[in-house]
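Here, each number is a calculation from the coordinates, and none is a lab measurement. Everything numeric here is computed off the predicted structure, so don't read it as measured data. Don't worry about glycine lacking a Cβ; one is built from the backbone with ideal geometry, like all the others, and counts go over all protein chains shown.
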Amino acid sequence: MTALVRRFPDAASLAGAALGQITALARAAHAARGRFTMALCGGSTPLPLYAAMAGQGLGIPFEHVLFFFGDERLVPVTDPENTFGVVTAALFAKAAVPAGNIHPMPVDIVPPDLAAAAYEAEMRATFAEPLGAVPRFDLILLGMGPDGHTASLFPGSPALGETTRLVAAVPPPVTAKPAVPRLTFTLPLLNAARQVLFLASARGKEAALEKALADVPDPAVPASLVRPAGDLTWLVATG
Ligand code: 6PG
């Protein structure tokens, strides 16, 4: 797997390039399959992109875009650490996306393993793939933390070895904040994607970024284990 790496001076130029690439992917998916399936990520790097998506759209009607989430913190939607709440303020509150097209991860189902299974079932029902087939997202957005985590797959996590479940519940991380339980896509789902797009600010993540881009899978750097069947692109803000 050879990743395409594009570097930008700042987060704003990275967001502009990301919007252009996502718009092209959306148009191609809509032409080929009548819809565009996209998984969003948390963190701060994608926020300018989400604002740009709200302001400029994706080149196809939002009625034909399905939004899922690659991970979620198991805190109430009203908690400022909840990714769905943050993305709603940046994107869904400012764009005409049909409510039925937005699939937040459930934070009110206990235990977390049941929430993970429920989300996987919702995803499978939405994609309506043949029984047993792994849903293939047109695009999965990912970020990376200084510890090399991506989505909520953290270094040393048992979830890194998951080969069957597509969504897993994981305990609070010790190498990243917030230290709360999470739900996360697992590698089988991430690696089934037609396109994975990492959005990363390099500052403070230089060591993890070097390992993630070294094309050598390393469980100590979960982002390096994302090797999709489709295309892999890294957009890196160096400023
Ligand atoms: C989360 C994200 C996480 C994020 C990275 C990078 O829920 O925190 O899914 O994987 O993408 O931590 O975050 P920044 O973009 O803020 O550096």
Q. Any idea what the alpha-carbon Rg over 2.2 N^0.38 Å comes to for segment 1-82?
A. 1.21
Q.
As an exercise, identify the GluC sites (Glu not before Pro) in segment 131-239 lying in DSSP coil whose Cβ has no more than 13 other Cβ atoms within 10 Å.
A. none
Q: Let me know the shape class of segment 63-197, please: from the alpha-carbon gyration tensor, a ≥ b ≥ c as square roots of the eigenvalues, rounded when a/c is under 1.5, otherwise prolate if a/b is greater than b/c, or oblate.
A: rounded
Q. What fraction of the DSSP beta bridges in segment 4-237 is antiparallel, stated in percent and rounded to the nearest 5?
A. 30
Q: May I have the pair-distance distribution P(r) for segment 113-179, computed from all Cα-Cα distances with 10 Å bins from 0 and rounded to whole percent?
A: 18, 45, 31, 6
Q | Kirkwood-type radius of the chain, with distances r between different C-alpha atoms, in Å | A | 17.7
Q) Any idea how far apart residue 206 and residue 124 come out in nm if each label point goes 7 Å out from Cα toward Cβ? A) 4.6
Q.
Can you compute the helix-only [θ] at 222 nm over the chain? Use -39500 (n - 2.57) per DSSP H run of at least 4 residues, normalise by all residues, nearest 500 deg cm²/dmol.
A. -8000 deg cm²/dmol
(Q) Counting C-alpha atoms alone, how compact is segment 24-122: give Rg to one decimal and Dmax as a whole number, in angstrom. (A) 13.9, 40
Q. If R0 is 22 Å, what FRET efficiency do you get for residue 179 and residue 89 from their C-beta distance, rounded to 0.05?
A. 0.45
Q | Selected from 46, 106, 130 as most flexible by GNM, with the chain as the system and alpha-carbon contacts under 10 Å | A | 130
Q) Evaluated at 25 °C with a viscosity of 0.890 mPa s, what Stokes-Einstein diffusion coefficient in µm²/s does segment 127-239 have when Rh comes from the Kirkwood expression over alpha-carbon pairs? A) 171
Q) If each of residue 13 and residue 133 carries a label point 7 Å out from its Cα toward its Cβ, how far apart are those two points in nm? A) 4.1
